[in-house]
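The values are calculated or read from the model by the stated rules, or taken from the named source; none is laboratory data. All values derive from a computational prediction rather than experimental measurement. Each accessible area value is taken on the protein alone, full model and side chains, heavy atoms only, with ligands, DNA and RNA left out. Shrake-Rupley method; radii C 1.70, N 1.55, O 1.52, S 1.80 Å.
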Amino acid sequence: MNDIAHNLAQVRDKISAAATRCGRASEEVTLLAVSKTKPASAIAEAIDAGHRAFGENYVQEGVDKIRFFQEQGKTDLQWHFIGPLQSNKSRQVAEHFDWCHTIDRLRIATRLSEQRPAEMPALNVLIQINISDENSKSGIALSELDALAAEVAALPRLTLRGLMAIPAPESSYERQFAVAQQMAVAFEALKARYDTVDTLSLGMSDDMEAAIAAGSTMVRIGTAIFGARDYTKK
């Protein structure tokens, strides 16, 4: 078993154990392998190990990888854009990705809807919440969610699937869980209003257990699968 296959197996075991501890089925939690800055060869190893869902933060890098694997005939992969999205890059996301996790304003959502090709399925989108109220982070306040959700849900080429957040680092499990629970409450309320909503993208390597206990349905894991990132390439 290669390193990436081994790492994937370990991460899946951790997800399963975390789910079991809080009485959930491991199948309720999707593992999104965050492959930003990693070469196609590393993603290919993950694909060979049975993984299919990948997250990218940089538009052009992600599009290049999507095209590469399409040319290889790998058409069953699922590509998630999980980075901040500028208006001038929205068309590439609309034309290539399956999901966008970082909707935080109507203007971007409208552009994605208008630019999504008619022959493709609607783009799955998540609204990003700035749950820790950090100036450095994208996302909206929870108080703005109802208004933006109603506007996004009405756009014809998008499907509102739920919420995403990147909480500030917390050293204690209790604090991690408290923040994650705020997101879970908002998610359940949104799910009650929109029957397309089924995804809470919450939890990374350091807070995955707390996020799963609170109700996350998708965790985003990069380094634990692919190893440390080399940001000198960006």
(message) What is the percent carbon and sulfur in the accessible area of the chain, measuring with a 1.4 Å probe over the protein chains and ignoring ligands?
(response) 48
(request) Mind pulling the per residue volume of the convex hull built on the Cα atoms of region 97-234? Å³ is fine. (result) 136
(request) Kindly report, to the nearest 10 Å², the accessible surface of Met120 as traced by a 1.4 Å probe over protein heavy atoms only. (result) 40
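Just want to confirm a number: the relative contact order over region 66-106, from Cα pairs under 8 angstrom separated by 6+ residues, in percent.
Values: 27 pairs, mean separation 17.9, N = 41.
Once normalised by length, the contact order is 44 percent.
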(request) For Lys38, list the aspartates and glutamates whose Cα falls under 17 Å from its own Cα; do not include residues on the same chain fewer than 8 positions away. (result) Asp3, Asp48, Glu56, Glu61, Asp64, Asp230
(message) Treating only the Cα positions of region 23-145 as identical point scatterers, give the base-10 log of I(q)/I(0) from the Debye formula at each q in 0.15, 0.16, 0.19 Å⁻¹.
(response) -0.74, -0.83, -1.10
(message) Run the Debye formula on the Cα coordinates of the chain, all scatterers equal and no solvent, and tell me log10 I(q)/I(0) at q = 0.14, 0.15, 0.17 1/Å.
(response) -0.90, -1.04, -1.34
(message) Over 5 Å intervals from 0, what percent of Cα-Cα pairs in region 162-213 sits in each interval?
(response) 5, 22, 33, 20, 12, 6, 2, 0
